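Worksheet: the structure to be examined is printed underneath.
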C-alpha cells in the first residue's frame, strides 16, 4: 500500500537580524577590573618620546629662568615646543563630537525604526493571518514543491520587505523548527498540521527606505519577543537566538 | 718501550671505548631547509566540510587584536575544531600628513600601525560554520575588522620573503 504519511504543510520562515552597531556597556565588575588594569599599566610603564621631550624642555626653561644662558648654548632651538603640541591636540579633541549612543528612536520607543537599541540584535516581526487569527510572527510563506526551503525563506523575506534587500542568509540548514496541529474542525485527512522551518539572515545595509512594507512590522530585541509571540512558538524561537 | 705503547685501548682490553661520549648526547635531527606545505581538502557532497579557512583580524590597536585572536583560538579549541596555525602578518606603518593650506603650510604627522593576526582552521562542517561565524561576529570588539576566507597558495606565499639574488641567478642561468 502507499505510504500513509500524515501530511504536514511546510512553511519557511526568515529571522532577519540586524547586527548591533556598538558594543554593550561594561558590567560593574568589568569596569572595576579595567580601571585596575589601567592603573597597573600606568605605574609599570616607561616614558614615551613625547613625554621625554616635554621634560627636557621644561628643564631648559627652568635653567633659562634661573640663570641667563647664552643663546649659543641652546642647540637646535625648536620652533614648536612639546607643550604647544599638546595644547593643539587637546583643542582638536574637544572639537570632536561622538555620535550619541541613545538615539531619538530609543527615547520615543518607536519600535518600527531600525535606529533603536544600537547595542543589541533586532529581529523583524510581522503580523500575519493564520486561520482566523491575526498573529505576530516571523515572516513565513508556504513551501511550494520544487524549491528549496532556503528559497522559501528568502521569498518570505521578499514578500514582506520588497525585492532588493541586502541580507546574507547563513547556510542552507534551518536553525529551528516549530510544528503544530490544526484545531480539530479544520483538520482533514490531508492537512493535519504545519511545520515551520526557521532560517537566519543578517541585514547588511541599514537603509530600508526602498522597502515596501505591506503589513504591520516591528523590530524587536530578544527580551521584547515575549510581548508579542505566543509561548510555544517563543520557546522554539528562543532556542536558536544568541544574545 | 715508549714506541710500543703497551697501554693502548685495544678491543679486548677493559679500557676499550673509554673516550666515547657522543652516545650520551641527545639525538639531533638534521634541519630541513625548505617547507612546502600545500595540503587542501574539500570533500564535496551532502556532508560539506570546508578545507583550510583563514580568519584574518586586522586593527590599529595591537592589544585588542591579539586578545581577540587568542579568544578565537581558545574558542576553537573548546569546540574541538582543529586549528592548523595561528600566526601574525607583518605590521604596516602608515604616516598621516596633514597639509593645512592657510598661508603657511603646516604638516602635522600621525603614525598609524596596522596589525593583522590569522587563525587557520580545518575541518569545519557546514552545519556548524554559520553558528561559529555568528558567535565570532557578535563578540567582535570595536575597531577590529574580521575576514574569513579560504586558504589559497597566494596566502601562503605572501608570508614568505622574496629573494632577489636567487631570482637573478636563476634568470641568468635560464
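Taken together, the values in this text are just the output of simple stated rules run on the coordinates, not laboratory data. None of these values were measured; they are calculated from a predicted model. Note: ideal-geometry Cβ built from the backbone for every residue, glycine included; neighbour counts use all protein chains shown.
Assorted remarks:
- Spatial extent of the stretch B:46-149: Rg and Dmax, with the Cα atoms as the point set, Å: 18.4, 69
- With R₀ set to 56 Å, the beta-carbon distance separating residue B:80 from residue A:94 gives a calculated FRET efficiency near 0.65.
- Cβ crowding within 10 Å, taken as a proxy for footprinting-reagent exposure, orders A:217, A:178 from fewest neighbours to most as A:217, A:178.
- Global form of the stretch B:107-174, assessed from the alpha-carbon gyration tensor, a/c cut-off 1.5: oblate
- Ranking of A:168, B:22 by count of other Cβ atoms within 10 Å, fewest first: B:22, A:168
- Ranking of A:181, B:27, A:129, A:117 by count of other Cβ atoms within 10 Å, fewest first: B:27, A:129, A:181, A:117
- Nearest-0.05 FRET efficiency for residue A:23 and residue A:48, computed from C-beta distance (R0 30 Å): 0.65
- A Förster radius of 45 Å, combined with the Cβ-Cβ distance separating residue A:151 from residue B:73, puts the computed FRET efficiency at roughly 0.80.
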